[in-house]
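What follows is one structure encoded as structure tokens, with my remarks underneath.
Read the figures in this text as sums done on the coordinates, not as results from a lab. It should be emphasised that the depicted structure is a prediction, and the values quoted were computed from it without experimental measurement. All Cβ positions, even for glycine, are placed from backbone atoms using ideal geometry, and neighbour counts span all protein chains on display.
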Amino acid sequence: MIALLRRDLALAVRAGGGFGLGLAFFLIVVVLVPFGVGPEAEVLSRIAPGILWVAALLAALLSLDRIFALDFEDGSLPLLATSPLPLEGVALIKGVAHWITTGLPLTLAAPALGFLLNMAPGAYVWMLASLALGTPALSMIGTFGAAITVGLKRGGLLMSLLVLPLYVPTLIFGAEAVRRGADGLSATTPLMMLAGITLGCFALLPFAASAALRVNLR
């Protein structure tokens, strides 16, 4: 599993679609928002948590089609399916690799980009905490979606339609945690919900993804 993780991280860095693409899209969205809603500091401060979460969600969505597609095209996926490593473990490692190359950089960059949206000073810690708890769920849900659509021509659009509704609970609780933290309220409940969603995704979705992969490889 460690060897597979190292391989996926190396491929993501070489392909250039992991670290750079997601961060660039994240930055572009945050920079463009003030042009669309106006430069009023109060308005930007109020909508900053939601904008940052939506931007992180869409940035994570960009590289989902690469999770299994490259392995399917070069013939590596059937070999992984017949290797001693369980297919559930392969799906789990794929999700972890996607989070390291996409979700983790977005999490670390969000507080810095929050400055561009005049985010409230008390919200920075909560933004970092909510993204750290929520983005792993985004990667695991995306891995499940990628397993369903692997091998399909132009499956990226179908995968987006499948995955986006599943992202909604994470988006709601993530933005709510930051909003409550910025207002000086307790953000424990939404953070616990985020943690529960993430743990549930890592407990269940590797099995669902492996079942989808077996069907597509037949």
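Axis angle, to the nearest 10 degrees, between helix 19-37 and the longest C-alpha principal axis of the chain: 30 degrees. Coupling constants for the range 123-140 follow from the phi torsions by the Karplus curve (6.51 cos²θ - 1.76 cosθ + 1.60, θ = phi - 60°), and in residue order they are 9, 5, 5, 6, 5, 4, 5, 5, 5, 5, 7, x, 5, x, 5, 4, 5, 6 Hz; glycine and proline get x. The long axis of helix 104-114 is offset from the longest Cα principal axis of the chain by roughly 20 degrees. With the highest mean first, a sort of the peptides 129-136, 70-77, 54-61 on other beta-carbon atoms found within 10 angstrom per residue produces 129-136, 54-61, 70-77.
To the nearest 20 Debye, how big is the dipole of the chain about its Cα centre, given +1 on the beta carbon of each Lys and Arg and -1 on that of each Asp and Glu?
380
Treating the angle as unsigned and between 0 and 90°, give the value, to the nearest 10°, between the Cα long axis of helix 2-15 and the longest Cα principal axis of the chain. In the chain, helix 2-15 runs at an angle near 70 degrees to the longest axis.
On the beta carbon distance between residue 183 and residue 204, with R0 = 30 Å, the FRET formula returns roughly 0.35.
Report Rg(Cα)/(2.2 N^0.38 Å) for the chain, keeping two decimals.
Against the compact-globule rule of thumb, the ratio is 1.04.
Can you tell me the FRET efficiency between residue 158 and residue 115 if r is taken as the Cβ-Cβ distance and R0 is 41 Å, rounded to the nearest 0.05? After rounding, the FRET efficiency stands at 0.65. The string of couplings for the range 210-216 from the Karplus curve (6.51, -1.76, 1.60, θ = phi - 60°) is 5, 5, 5, 5, 4, 5, 6 Hz, one whole number per residue in order, with x for Gly and Pro.
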